[in-house]
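Derivation of every value follows stated rules applied to the coordinates shown; laboratory data play no part. The structure presented is a predicted model; accordingly, all values stated were derived computationally and were not measured. Backbone-built Cβ (ideal geometry, glycine too); neighbour counts: all protein chains shown.
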Amino acid sequence: MFALGLRQVQQALDQKANQIQHEFILTSEQLEDIARKLLEATDEDRQKLREQQSFLRDRQHTLADEVNTWRGRARGVRSQPGGDALRKFLNELSELNDSLLTPSIQHALYLLDAPEEELAKLAEQDTPTAITTPAGRLIQRARMEFDLRGADAGARQRAAVEFANRPGIAQQDDVIAEIEAAIEDPDSLVRETAVLTVVQLHRFRSMRSADLDQAHASVQKLASLNHLIAIPALIEVLDNPRTGFVRSEDGTTEADNSRSRMVALLRLIEWHTSEAKLAVYKLQFDRDPNIVKTAKRALELFPEDWGGPLKATGPLPSLDDLQKTAL
């Protein structure tokens, strides 16, 4: 029971560090934007931009130090040499008066001093319902296991790939729905694990399902995700023309995945990254004439370097027009 209390404190500290790390990332993006503006700025504007750049660099260093401090505090929860040292450590954390941390710290301090009888009663009341679904177990791992809660995103990526490659798992709609629901989880690392897994599950379906209606639905899901990690899966769809079957009133008929490839192409144009542009460039020699026309038109409209998502066009109706122009 007390171990669970400490784990909650550690999770709160990790979440605090994640919040600051997110601010660090935003600051880095602002610095990159200023660096681009400096290339074309006038002398007057350049001075203002350099002042902003200096301020943001200082802010970036401060945030990096804060992230390290909070990560160190999270590690310190489990490394105290005894009860007295742990109590002192928790009290020092409590003095920070952080609304994110205080409830879990107070709970841990209460558990530290509670009598055995009280702890036994609490343990009996708080025993969680056994998690029986594969998706639930993965989400629980993302919430609790040390390797999935570290700074190494590769561990979460490997867990996602391993999960999606389990025999038959990508064909279970209820499993996919449960993982997709976790994308809205308040825990940032659970959300990241969920997104990585959703991408792998729908990548599996879009590339391997003989049912092209099902595969197309997965490509649409990949296109709807507002996460850069969907880009490689969309490129894979685009790079691999294939055949399968679709259902109609007359039964099943053979078809190709051209409509899915078009969805992937248009979404990659929206993402507008250098990786996406390279994939679009290769399509000028595709066997599908509609894909060729759309790719060429995109490169004509956007001949410059692709530096990131198109932002000013909302749902990007201009790309719908682009497709109509190509067809």
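Annotations for the structure displayed:
- Taking each DSSP H run with n ≥ 4 as -39500 (n - 2.57) and averaging over every residue of the chain yields -23000 deg cm²/dmol at 222 nm.
- Neighbours of SER224 by Cβ distance under 15 Å: Lys/Arg scored +1, Asp/Glu scored -1, total +1.
- With the convex hull of the Cα atoms taken as the outline of the stretch 2-126, the averaged projected area works out to 9.4 nm².
- When the stretch 184-298 is reduced to its Cα atoms, the Kirkwood hydrodynamic radius in Å: 14.7 Å
- Contour minus Cα-Cα distance for ASN68 and SER188 (0.36 nm per residue): 41.4 nm
- With the convex hull drawn around the C-alpha atoms of the chain, the volume per residue stands at 173 Å³.
- Two-site FRET efficiency, SER79 against GLU300, from Cβ-Cβ distance with R₀ of 45 Å, rounded to 0.05: 0.15
- Distances between placed amide hydrogens fall under 5 Å for ALA255 paired with GLY244, PHE245, VAL246, all partners being 5 or more residues away or on another chain.
- Gyration tensor (Cα) of the stretch 53-99, equivalent ellipsoid semi-axes in angstrom: 29, 12, 6
- Each listed q (0.13, 0.16, 0.18 Å⁻¹) maps to a log10 I(q)/I(0) for the stretch 134-326, found by the Debye formula over equal Cα scatterers with no solvent: -0.74, -1.03, -1.18.
- Relative protection proxy for 184-197, 281-294, 78-91, from highest mean packing down: 184-197, 281-294, 78-91 (other beta-carbon atoms within 10 angstrom).
- Length gained on full extension, SER99 to PHE245, computed as 0.36 nm times the residue gap minus the Cα-Cα distance: 47.1 nm.
- Rg/Rh for the stretch 14-62, where both radii come from Cα atoms and Rh is the Kirkwood radius: 1.11
- Stretchable slack from ALA177 to ARG137, in nm (0.36 nm times residue separation minus alpha-carbon distance): 13.0 nm
- Mean separation of Cα contacts under 8 Å (6+ apart) over length of the chain, as relative contact order %: 11 percent
- Using θ = phi - 60° and Karplus 6.51 cos²θ - 1.76 cosθ + 1.60, couplings along the stretch 241-250 (whole Hz; Gly, Pro as x): x, 7, 10, x, 10, 10, 9, 8, 5, 8
- Principal axes of the stretch 142-192: Cα extent on each, largest first, Å: 31, 22, 14
- Proximal lysine pairs, the chain, alpha carbons under 14 Å, eight or more residues apart or interchain: 6
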